[in-house]
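The values are calculated or read from the model by the stated rules, or taken from the named source; none is laboratory data. No experiment lies behind these values; they were computed from the predicted model shown. Ideal geometry is used to build each Cβ from the backbone, glycine not excepted, and the neighbour counts take in all protein chains shown. Side chains included, ligands, DNA and RNA excluded: accessible areas come from the protein's heavy atoms. Shrake-Rupley method; radii C 1.70, N 1.55, O 1.52, S 1.80 Å.
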Amino acid sequence: MKQVTVFLFAVLCFACGIHAKQGFGPGEQEWGYVKVRPQSNMFWWLYYTTADVSSYYEKPLVIWLQGGPGASSTSYGNFEELGPLDSDLKARNYTWVKNYNVLFIDNPVGTGFSYTTSLTGYATTNKEIAHDLLECMKGFIAQLPEFANVPTYITTESYGGKMGAEFALLWYKAQKEGTIKSNLQGVALGDAWISPIDSVLSWAPFLLATGMVDTDGYEQVKKAAELTKKSVDAGNWSVATKMWSFTEGEILKVTNNIDFYNILTKLEPEYRRNSLREALESEPIFSQIYATYSDASLADLMNGPVKKALQLPVKHGANSNVVFNKLQGDFMKPVVDIVESLLNETSLKVAVISGQLDLIVDTPGTLHWVEKMKWKNAASWQKSSRLPLVVKNTIEGYVKSYKNFAMYWVNRAGHMVPKDNPAAMAHILNEFAN
């Protein structure tokens with residue numbers, strides 16, 4: 001019986017046209033590096049779908065880009081949000097792998113298992129990141145050419161949305177020009193850092209409306225946010241990033257350590273006491289700001305059994321602070337114009353997803369830039385009905401769509417929508433990627 005099973009598995013692999021490997025955890029996987037620049041190497045990790053299909057290529061390819069910048073897709077996105085195993089290595093009920101081929105990319109260079117051998121190998125702008133990602137996909141398709149014809153979708157979270165938007169536009173143009181043979185179909189921007197100042201300016205009223213601050217707290221946060229806007233308006237982008245960090249510190253102070261990723265999460269009271277002067281003289285630190293992405297047990301998992309199973313040459317997550325600091329001058333710059341170009345100049349599907357309980361990229365701030373966008377179908381989208389997102393007789397959120405653009409409001413979810421409300425996310429993904 002065992003010989004028959006092995007034979008059938010071999011036949012299946014042959015029929016699918018793959019020679020997949022057993023990586024870490026269940027299912028067939030592939031992984032590898034692409035040299036995106038002379039001294040810069042980007043790591044990717046593919047999970048083939050476990051759907052009941054005769055060929056893996058019957059199902060779409062979904063790419064996941066984490067935020068930060070400096071947070072790892074192969075780590076947090078994989079084990080905390082949507083991969084086949086959770087961080088306790090238990091099977092996840094709502095893993096995306098059940099219905100899609102899922103590709104995690106550690107991006108920008110220096111994130112996760114991606115690495116560079118030179119300080120000049122880190123990206124300093126969103127444009128550089130997009131070019132690196134395009135080179136990564138060229139290398140991925142060169143190694144697995146069967147995916148060239150598979151419908152492909154970019155899905156993102158947080159700063160991943162900022163990176164993913166520009167990546168999608170660059171990829172679409174390259175696809176049209178024939179410099180890459182691929183089948184990119186859309187990009188989903190989940191709680192995305194598209195217009196940073198719109199998010200920052202909405203923090204005070206959002207916290208007041210949800211009862212997280214009183215009027216005095218509202219005024220303190222508002223004052224810090226306005227100082228951030230002053231730097232943005234002056235084009236002092238590095239200072240704006242420091243003022244953003246200072247504004248976050250003010251929020252932590254007046255709320256006694258609210259969770260920026262889900263305002264209902266229970267946390268111990270603790271906050272930073274940085275003065276304005278201290279904020280301007282110090283550098284924002286990735287591991288402090290993105291503590292959710294820096295869980296020690298997850299780091300142990302990646303640098304222990306995962307690194308060993310995949311036989312990888314570098315320490316996971318060692319350079320997240322460097323990645324973040326290299327992008328300080330770009331961090332607060334908006335990319336609304338890139339999203340407008342996606343809607344005006346491409347046929348790609350574009351989805352914006354917003355979690356109800358997210359603070360750092362809250363729904364009011366997201367809606368503000370979405371409703372200000374200048375694109376050919378803006379008026380028609382505005383007039384479209386906002387419909388309930390019903391999953392198993394429960395309203396999990398709302399959707400407003402017109403042609404190739406949709407915005408999703410997700411109930412009972414914070415910044416990490418796939419983790420907080422996987423049922424809603426599965427419904428959204430089914431609409432978006434099919």
Exercise. Over all distinct alpha-carbon pairs, what is the Kirkwood Rh of region 316-434 in angstrom?
Worked result: 15.8 Å
For this session: Take every DSSP beta bridge whose two residues both sit in the chain, then give the antiparallel share in percent to the nearest 5.
Result: 55 percent
Problem set entry | Per-pair calculated FRET efficiency, R0 = 22 Å: Lys176 and Ala379 via Cβ, rounded to 0.05 | 0.25
Problem set entry | Reciprocal of mean inverse Cα separation for region 35-77 (Kirkwood radius, Å) | 12.9 Å
Exercise. Against the longest alpha carbon principal axis of the chain, how many degrees, from 0 to 90 and to the nearest 10, is the axis of helix 237-255 turned?
Worked result: 80 degrees
Exercise. What order do Leu267, Leu133 take when sorted by accessible area (1.4 Å probe), most exposed first?
Worked result: Leu267, Leu133
Problem set entry | Average accessible area per residue (Å²) across the chain - probe 1.4 Å, nucleic acids and ligands excluded | 42 Å²
Exercise. What is the mean projected area of the alpha carbon convex hull for region 41-196, to one decimal in square nanometres?
Worked result: 9.4 nm²
Problem set entry | Equivalent ellipsoid dimensions for the chain as semi-axes, Å, which come from the Cα gyration tensor, largest first | 34, 24, 22
For this session: Determine the shape class of region 360-409: with a ≥ b ≥ c the square roots of the Cα gyration tensor eigenvalues, call it rounded for a/c under 1.5, and otherwise prolate if a/b is greater than b/c, oblate otherwise.
Result: oblate
Seminar exercise, completed: Calculated from DSSP helices alone, with each H run of at least 4 adding -39500 (n - 2.57) and the total divided by the residues of the chain, [θ]222 nm to the nearest 500 comes to -12000 deg cm²/dmol
Problem set entry | Separation of the Gln143 and Tyr402 label points, Cα + 7 Å toward Cβ, nm | 4.3 nm
Problem set entry | Helix 336-345 axis, angle to the chain major axis (alpha carbon atoms, nearest 10°) | 50 degrees
Problem set entry | 0 to 90° range, to nearest 10: angle between helix 159-177 axis and the chain longest Cα axis | 50 degrees
For this session: First obtain the Kirkwood hydrodynamic radius of region 184-237 from its Cα pairs, then insert it into the Stokes-Einstein equation at 37 °C and 0.692 mPa s, and state the resulting D in µm² per second as a whole number.
Result: 259 µm²/s
Exercise. In debye, nearest 20: dipole of the chain around its Cα centre with unit charges on the Cβ of K, R (+) and D, E (-)?
Worked result: 780 debye
For this session: For an R0 of 22 angstrom, estimate the FRET efficiency from the Cβ-Cβ distance between Leu264 and Leu367 and round to the nearest 0.05.
Result: 0.60
Exercise. In square angstrom, rounded to the nearest 10, how much accessible surface does Arg386 have for a 1.4 Å probe?
Worked result: 110 Å²
Exercise. For the pair Glu345 and Ser118, what calculated FRET efficiency results from E = 1/(1 + (r/R0)^6), where r is the Cβ-Cβ distance and R0 = 41 Å, to the nearest 0.05?
Worked result: 0.75
For this session: Please give the contour-minus-distance gain from Lys98 to Lys21: 0.36 nm per residue of separation, less the Cα-Cα distance, rounded to one decimal in nm.
Result: 25.9 nm
For this session: Roll a 1.4 angstrom probe over the protein heavy atoms and tell me the percent of accessible area of region 119-188 that is carbon or sulfur.
Result: 53 percent
For this session: Determine Rg/Rh for region 136-181; Rg is computed over alpha-carbon atoms and Rh is the Kirkwood hydrodynamic estimate from the same atoms.
Result: 0.99
Exercise. Rounded, prolate or oblate: which fits region 216-255 when a ≥ b ≥ c are the square roots of the eigenvalues of the alpha-carbon gyration tensor, with rounded for a/c under 1.5 and prolate only if a/b beats b/c?
Worked result: oblate
